[in-house]
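Have a look at the structure below, then the notes.
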Amino acid sequence: MKQKQQGYSAAFITLESGDITASQLRAVADMAREFSAEGRIRTGFVQDIVFRWVKDEDLAKLYAKLLEVGLANSGALTMASVVGCSGTTSCNLALTNSHRLAKEVQRKFLELKLDEDDDLRDSTIKISGCPNSCGQHEIATIGFYGGGGRLGKDMYPLYTMSLGGRADGNSMLGLITTKVPTKRVIPTILKIIEIFKSEKRSGEVLDSWINRVIEGSGGPKIKSINDIKELLKPVVAPPTIEQDPDFYVDYGNDGIYHAKTGRGECAA
Ligand code: SF4
């Protein structure tokens, strides 16, 4: 991104759920000293890293160095840069592995090249592993917080999905829309994008379309959030454990899902 100071740019490095290794951090420190005129990096609001004051003529060299250490992922500052809190990877309050789910969604977006889709610009996906908001889900265009669902005696991981959250001049919390089983989160997001593509007005982006529907000005076919919920029903319907055992296993786990929490270790 160009800075207002002529000849300088800011470079945003997207990470998977904010993860970075110690050796990558050492490499980033070296790069900051070599390429940033302020000699330091900043961590961003969406689990990213920002190099400021990079001379325009050094951008290609910086990119090559990032590539060497596996930090040149595409999709920074796009909907593909999904935020996920630590979830069950380290948080005792977590009900689901939001950290891993955010990575899975990001990888699918990059695989489908959705980071290059201008219709999705300014839209966000943010995921928390419980109703607390460390994953910022309430201000996401599509937000999720973790919980547990049950079919008969069998439990499965799921998320409550909200739509239309935003943190701009018209800030609002997302509208709780429906429950989405963990293993149906990616199909649900893709279905919402498919519906949007068939409904959007010329030049309209996803974020604006969702807010238009929430305000009751949708159309031609999708007039309200309830219409979106109806179309999502087949996507989110749970199969039995015999039909699909993997549905009952959270990402990053081997065993059947059980909701269990302990003492919290984060700010919540
Ligand atoms: S308490 Fe915070 S970090 Fe832990 S799962 Fe909930 S939202 Fe995530």
Problem set entry | Relative contact order [Cα under 8 Å, 6+ residues apart], the range 83-248, whole percent | 17 percent
For this session: For the chain, with a Gaussian network of springs between Cα atoms less than 10 Å apart, report the residue from P157, P234, P181 with the top mean-square fluctuation.
Result: P234
Exercise. Going down the table (K4/K61; K103/K200; K126/K197; K65/K126; K191/K223), which pairs top 23 Å between alpha carbons?
Worked result: K103/K200; K65/K126
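What size of dipole, in debye to the nearest 20, comes out for the range 8-68 about its Cα centre when the only charges are +1 on Lys and Arg C-beta atoms and -1 on Asp and Glu C-beta atoms?
Magnitude of the dipole: close to 180 debye.
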Seminar exercise, completed: In whole angstrom, the spacing between the Cα centers of the range 81-117 and the range 219-235 equals 25 Å
Problem set entry | 222 nm mean residue ellipticity, helices alone, for the chain (DSSP H n ≥ 4; -39,500 (n - 2.57); rounded to 500) | -8500 deg cm²/dmol
Exercise. For the chain, what is the percent of antiparallel DSSP beta bridges, rounded to the nearest 5?
Worked result: 80 percent
Exercise. Anyone know which of A76, A27, A140 comes out most mobile in the 10 Å Cα GNM of the chain?
Worked result: A27
Seminar exercise, completed: In Å, the Kirkwood estimate of hydrodynamic radius for the chain over Cα pairs equals 19.7 Å
Problem set entry | Residue order, fewest to most beta carbons within 10 Å, for S202, S123, S171 | S202, S171, S123
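The numbers here are math on the coordinates, done by the rules we state, and not lab data. Quick caveat, the model's predicted, so the values are computed rather than measured. Positions of Cβ are backbone-derived with ideal geometry, glycine not excepted, and every protein chain shown enters the neighbour counts.
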